[in-house]
Every structure is written in C-alpha cells, then in structure tokens.
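See below for the structure under consideration.
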Amino acid sequence: MAASDEASRPFAGLSDVSISDDIAVEGDISVPVGPSARRDDEFSTLDEPVRETVLRDLRAVGKKFVHVLYPKRSAALLRDWDLWGPLLLCVTLALLLQGGAADSDYQGGPQFAEVFVIVWFGSIIITLNSKLLGGTISFFQSLCVLGYCILPLTAAMAVCRIVLVAGSGPVSFAVRLAVVTASFGWSTFASTAFLADSQPANRKALVVYPVFLFYFVIGWMVLTFSPSQ
Amino acid sequence: MASTNDPFQFHEFEEAGNLLEANRDATTISIEDDEIKPEKQRQAAAFSPAGEDEDPLASDDKTELLSGQKKSVPFWTFEYYQRFFDVETHHVKERIIGSVLPWPGKNFIHTHLRRNPDLYGPFWICTTLVFAIAISGNLANFLTHLGKPNYKYTPEFQKVTIAATAIFSYAWFVPLALWGFLLWRNNKIMNLVSYSFMEIACVYGYSLFIYIPTVVLWILPYEWLRWCTIVVALFLSGSVLGTTFWPAVRDDHPKVIIAIMSSIVVLNALLAVGCKVIMFYDVDT
C-alpha cells in the first residue's frame with residue numbers, strides 16, 4: 001500500500017500530491033472506521049426478526065429484575081436505564097389491586113388510575129427531590145431504579161391474593177403482614193443501594209426518607225387490599 | 001469608639017463582626033444585631049462545637065463579601081429552587097427538634113433558619129402528615145368496628161385527597177396571607193424585624209411536625225386521648241409560631257397584635273380539629 005511507502009520515506013509524501021490508484025476513494029464509505037461500522041449494525045437491526053428485537057429488550061428487563069433481587073452496586077445497570085420494567089410492574093400491580101371490595105355504591109380500593117398516579121408521580125417527586133439536593137444521578141436513571149424496585153411489592157401482592165383465596169381471617173392477615181413487611185424492607189434496601197451512592201454523605205438520610213415513605217404507602221395499599229365476597 | 005461613617009478608619013474586630021452582621025441582615029438595624037450575636041454564640045455553644053458553627057458562618061461572610069448579595073437566578077431555572085434545598089441531615093434534625101420544643105426567648109427563624117430557609121422540611125412534613133392522617137384514619141375506623149360482623153374494611157382513598165388539599169393549602173396560603181399582612185403593616189410602622197415569605201412558609205411547615213405523632217396516637221379509639229393530644233400539640237405548635245412572630249408585631253397597635261396572634265392560633269386549631277372530625281368520625285354504614 002502506498003501508506004507503507006510513505007512511512008519509509010519521511011517527508012517524501014509532501015511533494016507527492018497525486019493519489020495512487022489502489023486507494024479506493026469512491027464507492028461506499030465503508031472503510032473500517034468505528035462509526036460507520038455501528039451504522040451498519042443499526043441498519044441491520046431493521047432486518048432482524050421481530051422476535052430478536054423483543055427478546056433483546058426482554059433480556060435487558062430480566063437482567064435488571066435479577067439485579068433488584070440481588071442488589072449490589074453496579075454502574076452498568078444505572079447506565080442502561082429503561083422504563084419498560086417499571087411500566088410492566090406498575091400495570092401488573094394496578095391490575096392486581098383491582099377486583100377488590102368494590103361495592104357498587106362505595107368505592108373502596110384504589111382505582112387503576114390512582115395506582116398509576118401514585119407510582120409515577122411519587123417517583124417523579126422523589127427524583128426531583130434527590131436532584132434538588134444535589135444528586136449526581138440523572139432523571140431517568142432514578143425513575144428506572146425506583147420503578148424496578150417495586151418488583152418485591154408486586155410479588156408480595158401476588159402472594160397476598162393467593163393467600164386471600166385461602167381465607168381472610170387473622171392468620172391470613174398475619175401471613176400477609178409478614179410478607180408485605182419483608183418485601184417493603186427489600187424494596188427500600190434495594191433502591192437505596194443504588195440511589196444513596198449518588199448523594200454526599202451528609203444528605204443521604206434526606207434522600208432515603210422519601211423513598212421509605214413511597215414504598216410504605218405502596219405497601220399499605222397492598223396490605224389493605226380486601227377481596228370482594 | 002471608631003465612627004462607622006469613616007471608611008478609612010481602622011475598625012476593631014468586634015465592630016467589624018457587627019458590621020458583617022449588619023451587612024448580611026439587610027433589613028434589620030443595629031439594635032437587633034446585638035440580640036442576634038449573643039444568641040448565635042449561645043446557640044453555637046448549645047448545639048454543636050464552635051468550630052462546626054464557625055465554618056458556615058465564615059464561608060457565608062466570605063461569599064457575601066465577595067459576591068455582594070446572593071446572586072439572583074431567574075425563577076424558571078432549576079438552580080433557583082436548588083437554593084431552597086441547601087440543607088444537611090443535621091440541619092433538618094435540629095429544625096424539627098426546635099419546632100417541638102418552643103422556648104420563650106428563642107425565635108425559630110433566628111435560631112434555626114439563619115437566613116437559610118429550606119423547602120425540603122415543609123414539603124416532606126406535609127406529605128408525611130397527609131399519609132399519616134389517611135392511614136391512621138383508616139386504622140381507627142377499622143379498630144372501632146372490629147368484631148362487628150357486618151363491617152367490611154375498605155380503605156378510603158378519597159380521604160387522601162381531602163387531607164392533602166387541607167394541609168397543603170394551610171401550609172401555603174396562610175403564610176402567604178401572613179406575609180402580605182406583615183408587609184402592609186411594615187409600610188405603616190417601622191418594624192425591627194421582617195421575614196421573607198420563604199422563612200414564614202418554612203416555620204409553618206416545621207410547626208406541623210408535632211401533628212405527625214399526634215395523628216398516630218389518634219389510632220387508639222379513646223376520645224379523651226384524642227382531645228388531650230390535640231390540646232398538647234396545639235399548645236406546642238402555637239407557641240412556636242407565637243414566639244416566632246412576636247418580634248415582628250410587638251411594636252404594632254395592640255389591636256393588630258391581638259388580631260394576628262389570635263388568627264395564627266385559631267387557624268392552627270381549625271386545622272387540627274377539622275382533621276380530627278373529618279377523618280375520624282364513626283362510620284356507621
């Protein structure tokens with residue numbers, strides 16, 4: 001290649017302004033440089049089967065679920081945030097909270113929209129709070145963490161509904177109380193493992209308290225769900 | 001003593017300290033500064049080691065000298081609101097403790113806020129109070145009807161909205177009205193002390209903290225207990241507000257003083273009793 005010739009004759013290329021024919025200067029710009037290689041990949045994702053695309057997102061969501069179940073600090077998790085998981089969990093939780101003691105003349109439990117509003121507005125307010133206190137985490141990363149850490153409470157809701165099928169006496173209440181308390185503690189612990197790092201040490205408690213309140217309210221909604229009889 | 005008018009005269013250190021205080025407290029005159037300085041020294045000895053207290057004081061003085069006034073950022077930027085969250089955990093703790101232990105001489109704003117009002121405390125105290133009222137109202141109803149066969153427990157979510165509206169409007173509109181009224185009186189009578197709106201809203205927010213344990217105690221279904229706790233909480237919260245606003249109105253016409261102080265207490269009482277009545281009445285359906 002002309003490049004090696006040029007290297008062996010220093011400064012010789014300065015007088016040589018003509019381009020030798022074996023360097024391809026026309027055709028597509030697909031020389032092995034970084035950005036165009038990625039552009040090729042992006043074009044090719046249009047051609048991949050839909051199942052591949054869906055599975056990729058599902059795998060990302062599933063990986064984050066595992067991270068919530070075994071919380072340890074992971075910078076990669078915070079970098080690749082997504083809001084599919086929180087949406088899925090919020091819809092599941094809201095659906096499970098339906099079909100409660102909904103007497104026709106007295107609405108007892110939370111409506112679907114109320115659960116949505118509490119979860120999303122609550123997350124947004126907590127995120128704003130942590131950013132106002134000077135946190136280094138970004139807006140959507142924080143929403144992502146808070147949404148994913150609802151997973152233990154959603155699981156607890158499913159368990160509570162199963163327990164309520166068996167009966168609704170004091171024993172079932174004690175079991176439900178234990179399950180909800182454990183999952184509330186788990187949620188708070190998992191989310192503070194991710195969120196508290198982004199704050200200076202003298203404000204950690206100020207950021208953790210709203211998270212505690214948020215999961216407490218959701219846990220309360222889960223615990224006080226009573227089925228229609 | 002060196003005259004304060006001559007800028008070229010060398011000032012003694014204490015007087016320089018007074019001048020710095022005067023520079024920071026743009027709205028107070030020097031009579032007040034003598035009250036502030038020993039109060040701060042007392043507070044420094046009482047609450048934290050002097051070194052910890054001097055550092056924010058020294059850096060405050062430095063930034064004030066270097067940049068003049070606090071730099072004004074337009075209110076539509078994020079940084080404008082970040083100013084009101086410039087607190088640390090121990091600040092919030094001290095302010096909460098100060099709001100439940102009123103002391104006749106101590107002024108909450110001067111002792112605790114020290115020109116750094118925050119929105120964190122008021123907002124989260126109000127939110128916690130809203131949820132505490134809703135949850136304990138539900139629990140109280142449940143306990144009252146425990147054992148009755150016809151009662152089916154229903155969590156009543158519309159109470160959350162009622163409680164939220166009442167508490168947040170108390171925490172925002174009453175300070176607004178009070179601030180406006182004090183501003184109007186300030187034009188008529190040269191007061192020694194004037195508070196900014198944020199400081200008034202901050203005091204009101206922190207004064208609601210005593211109601212959180214009160215509301216939790218209301219779960220127990222004893223009427224006498226509920227009325228006792230209301231009286232105690234009202235007394236504590238009212239005294240915090242009273243000792244805070246007394247310096248602002250004491251030089252006014254006696255009728256105005258009575259009007260302001262009584263309206264502060266009456267509105268506080270209305271909030272407390274209103275919450276109790278609405279959330280905790282026996283539902284016999």
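The values are calculated or read from the model by the stated rules, or taken from the named source; none is laboratory data. Note that the structure is predicted; figures quoted are calculated from it, not measured. Cβ sites come from the backbone with ideal geometry, for glycine too, and all protein chains shown count toward neighbours.
Among the residues of the stretch B:112-122, count how many are crowded, with 20+ Cβ neighbours inside 10 Å and hydrophobic (A, V, I, L, M, F, W, C).
Residues that pass the stated criteria total 1.
Based on this model, can you work out whether A:R203 counts as among the basic types (K, R), within 14 Å of chain B (Cβ to nearest Cβ), in a helix (DSSP H, G or I) and within 29 Å of A:V66 (Cβ to Cβ)? Walk me through how you get there before you give the answer.
Values: among the basic types (K, R): yes; within 14 Å of chain B (Cβ to nearest Cβ): yes; in a helix (DSSP H, G or I): yes; within 29 Å of A:V66 (Cβ to Cβ): no.
Taking the combined requirement at face value, the residue does not satisfy it.
Can you find, within the stretch B:79-108, the residue that is nearest to B:Y206 (Cα to Cα) among those that are more than 14 Å from chain A (Cβ to nearest Cβ) and surrounded by 15 or more Cβ atoms within 10 Å (Cβ to Cβ)?
Looking at residues that are more than 14 Å from chain A (Cβ to nearest Cβ) and surrounded by 15 or more Cβ atoms within 10 Å (Cβ to Cβ), I get B:S99.
Can you spot a residue in the stretch A:180-188 that is within 14 Å of chain B (Cβ to nearest Cβ) and among the aromatic types (F, W, Y)?
yes
Among the residues of the stretch B:250-261, what is the count of those that are closer than 22 Å to B:L208 by Cα and either touching a residue at least 40 places away in the same chain (Cβ under 8 Å) or in contact with a Pro (Cβ under 8 Å, 6 or more places away or on another chain) (or both)?
To start, the set of residues in the stretch B:250-261 that are closer than 22 Å to B:L208 by Cα comprises B:259-261.
Within this subset, residues satisfying the condition of being either touching a residue at least 40 places away in the same chain (Cβ under 8 Å) or in contact with a Pro (Cβ under 8 Å, 6 or more places away or on another chain) (or both) are B:260.
Of the residues in that region, 1 qualify.
Could you list all residues from the stretch B:139-152 that are within 11 Å of chain A (Cβ to nearest Cβ), at pLDDT below 80 and outside any loop (DSSP other than H, G, I, E, B)?
B:F142
Would you confirm whether any residue within the stretch A:180-189 is free of Cβ contacts under 8 Å to residues at least 60 places away in the same chain, surrounded by fewer than 18 Cβ atoms within 10 Å (Cβ to Cβ) and touching a helix residue (DSSP H, G or I) at 6+ places or on another chain (Cβ under 7 Å)?
no
Taking the residues in the stretch A:158-171 that are assigned to a helix (DSSP H, G or I) and within 13 Å of chain B (Cβ to nearest Cβ) as candidates, determine which candidate is farthest from A:L132 (Cα to Cα). Spell out the reasoning first.
If we filter the stretch A:158-171 for residues that are assigned to a helix (DSSP H, G or I), which is where we start, we get A:158-166, A:170-171.
Among the residues that remain, those that are also within 13 Å of chain B (Cβ to nearest Cβ) are: A:164, A:170.
Details: A:L164: 42, A:P170: 44 Å.
Among them, the one singled out is A:P170.
Residues that are in contact with a Cys (Cβ under 8 Å, 6 or more places away or on another chain) and on the phi < 0 side of the Ramachandran plot: list the helices (runs of 4 or more DSSP H) wholly contained in the stretch B:153-271 that include at least 3 such residues.
B:158-188
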